[in-house]
Amino acid sequence: MSFTSILLPQQSRAFPGQRWVNILLRTLHLLGMAGIGGGYFYASAGDAWRGFLYLTLASGLSMMLLSIWSNGIWLLQLRGHAILLKIFLLTLMLVWPEQKISLLVVVIIISGLVSHAPGNVRYYSIFYRRRIEQL
């Protein structure tokens, strides 16, 4: 078995309960984002927001890894690129805290646009210059 066939299976992989794991991770992710927003927009004292940032990063990375495990084609699609960009921007908040509100706003805008975009946008590949759902 080659690395490509492991990363890009003909049929997407799944395990029993995967949908519920995804729902749990998304819920934790929303909780983290709400905590970050509250901490940033209402200027919480000290680093009260930092735990929420870690929760957001951990749940986002977990969802990303689950998507890649299911089918690595996600890495070639715009929806995957948007997630990688959001993780980068969230991580920047740790090293560039004076821009944390601006970075959070950009993350929220990317989230809203990509998650509610039509499939032709979300599944578009800049590498193949078309919508791809399998190789």
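The values are calculated or read from the model by the stated rules, or taken from the named source; none is laboratory data. Note that the structure is a prediction, hence the values are computed from the model and not measured. Reconstructed Cβ throughout: ideal geometry from the backbone, glycine too, with neighbour counts over all protein chains shown.
Scanning region 1-36 for residues that are of a type in the set (Val, Ile, Thr) and within 23 Å of Ile132 (Cα to Cα) returns Thr4, Ile6.
State all residues of region 86-127 that are among the charged types (D, E, K, R) and either exposed (fewer than 14 other Cβ atoms within 10 Å of the Cβ) or without any contact (Cβ under 8 Å) to a residue 12 or more places away in the chain (or both); if no residue qualifies, say none.
Matches in region 86-127: Glu98 only.
Okay, residues lined up against (1) free of Cβ contacts under 8 Å to residues at least 24 places away in the same chain; (2) touching a Phe, Trp or Tyr at 6+ places or on another chain (Cβ under 6 Å):
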residue: Met1; (1), (2): yes, no
residue: Ser5; (1), (2): yes, no
residue: Gly17; (1), (2): yes, no
residue: Val21; (1), (2): no, no
residue: Arg26; (1), (2): no, no
residue: Leu31; (1), (2): no, no
residue: Ile36; (1), (2): no, yes
residue: Gly39; (1), (2): yes, yes
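Residues in region 8-37 that are exposed (fewer than 14 other Cβ atoms within 10 Å of the Cβ), more than 17 Å from Met63 (Cβ to Cβ) and at pLDDT below 95: Gln10, Gln11. Within region 38-62, if we keep just the residues that are surrounded by fewer than 17 Cβ atoms within 10 Å (Cβ to Cβ), over 18 Å from the mean Cα position of the chain (by Cα) and of a type in the set (Ser, Thr, Tyr), the residue that is farthest from Arg131 (Cα to Cα) turns out to be Ser44.
How many residues are of a type outside the set (Gly, Ala, Ser) and over 12 Å from Gly60 (Cβ atoms) when one looks only at region 80-102?
Residues that pass the stated criteria total 11.
When Leu65 is tested against the conditions (1) touching a His at 6+ places or on another chain (Cβ under 9 Å); (2) under 19 Å from Glu133 (Cα atoms), the lone failure is (1).
Could we say that Ile68 is under 22 Å from Ala14 (Cβ atoms), modelled with pLDDT of 90 or more and more than 14 Å from the chain's Cα centre (by Cα) here?
No: the conditions fail for Ile68.
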